[in-house]
Structure formats: C-alpha cells, structure tokens
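Take a look at the structure below.
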Amino acid sequence: NDPKAMEVIKSHTRGTTKLCVDCISTDSSAAFCAGVLAPGAIYSGIGISHCPRDDVKTEQTIGYSFLGEPWEQMGRDFPASREDFEYSVAFAELVEKMLGQGRITPHPVSLRKGGLAAIPEALGDLKAQKVSGEKIVVQVK
C-alpha cells in the first residue's frame, strides 16, 4: 500500500524487470505489475487477469499445474504439464537462493492463536481490509 512502491521497484531493478508472477491477479494488481515491467517482459497471472500493456506478454498459470499431475476443476479435466512442473522446481530453487541471500523477504507473520475458532475473525479482518502486507497464520494445536 506504499504509493511509492512502483517507483522503488523500478529504482532497484533499474527498469529491467522481465518477469512478474502476479499472485493476486486482479485488474489493479495487473496494472501495478504493468507499471514495473520492462518492454518485452512476461506477466504471469494465477487467474484470468491480463497485463494492460501490448508490449508485455500475458500468460496464465493455475497453481495445480505446478504439481505435474492432471486435475479436474468445475467439471473440466486438465492434463499434467511437465513444463509447468519443471518451471515450478526451477522457480522454487531460485526463490530459495534469493531468500538465503536476503534479496527478497517474505511478508511478516501475523500469528493468531485460538485454533480453528480464530479463523472467522482472521477472515473477517481480511474482508474488512484490516490486514495489509502480512501473512495471517492461525495456530492450531
């Protein structure tokens, strides 16, 4: 929610970002991604969103395909994708390396106690937009 986030990203990357995986995949997140991508980049959404720029290629990937196994969703069968599986392995290795180097950091954790009973409140906080830039973790014992 930092209004300068786009400028900061472009400054750090010197405007050379060539790949973006949009894990939110809404029109506004796609527009944000479009604002930081270099010409000729690839925008990959996990939903049906599209990058609003003609000079950026849009791809969609559904997370299930990363498992390399077939799946069924809403009455439709999807085949296994060896290419998506191999990509996910390479991506995981890259992210692990970048985390170890401190080049990227995960969102801070907002730990909620109370077990399963705490989930409705956590979801309510999400719905009321009381949570931003945090990963909610509900501790279940």
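Here are some notes:
- Count of residues meeting criterion [out of contact with any Asp or Glu (no Cβ under 9 Å at 6 or more places or on another chain), open to solvent by less than 70 Å² (accessible area, probe 1.4 Å), under 22 Å from residue 133 (Cα atoms) and in contact (Cβ under 8 Å) with a residue 12 or more places away in the chain] in the stretch 74-111: 0
- Residue match in the stretch 9-16 (condition: of a type outside the set (A, V, I, L, M, F, W, C), surrounded by 12 or more Cβ atoms within 10 Å (Cβ to Cβ) and at positive phi): yes
- Considering the stretch 38-66, and only residues there that are out of contact with any helix residue (DSSP H, G or I) (no Cβ under 7 Å at 6 or more places or on another chain) and assigned to a helix (DSSP H, G or I), the residue that is surrounded by the most Cβ atoms within 10 Å (Cβ to Cβ) turns out to be 64.
- Enumeration of residues in the stretch 112-138 that are closer than 28 Å to residue 9 by Cα and either open to solvent by 60 Å² or more (accessible area, probe 1.4 Å) or part of a loop (DSSP other than H, G, I, E, B) (or both): 126, 127, 128, 129, 130, 131, 132, 133, 134, 135
- Hey, residue 25 at pLDDT below 95, polar (S, T, N, Q) and closer than 28 Å to residue 129 by Cα or not: yes
- Any hit, the stretch 37-60, residues being in contact with a Pro (Cβ under 6 Å, 6 or more places away or on another chain) and not charged (D, E, K, R): no
- Count - residues of the stretch 84-110 that are of a type in the set (S, T, N, Q) and in contact with a strand residue (DSSP E or B) (Cβ under 6 Å, 6 or more places away or on another chain): 1
The values are calculated or read from the model by the stated rules, or taken from the named source; none is laboratory data. This one's a predicted model, so the numbers in the text were calculated from it and none came from an experiment. Cβ sites come from the backbone with ideal geometry, for glycine too, and all protein chains shown count toward neighbours. Ligands, DNA and RNA are excluded from the accessible area calculation, which covers all protein heavy atoms including side chains. Shrake-Rupley method; radii C 1.70, N 1.55, O 1.52, S 1.80 Å.
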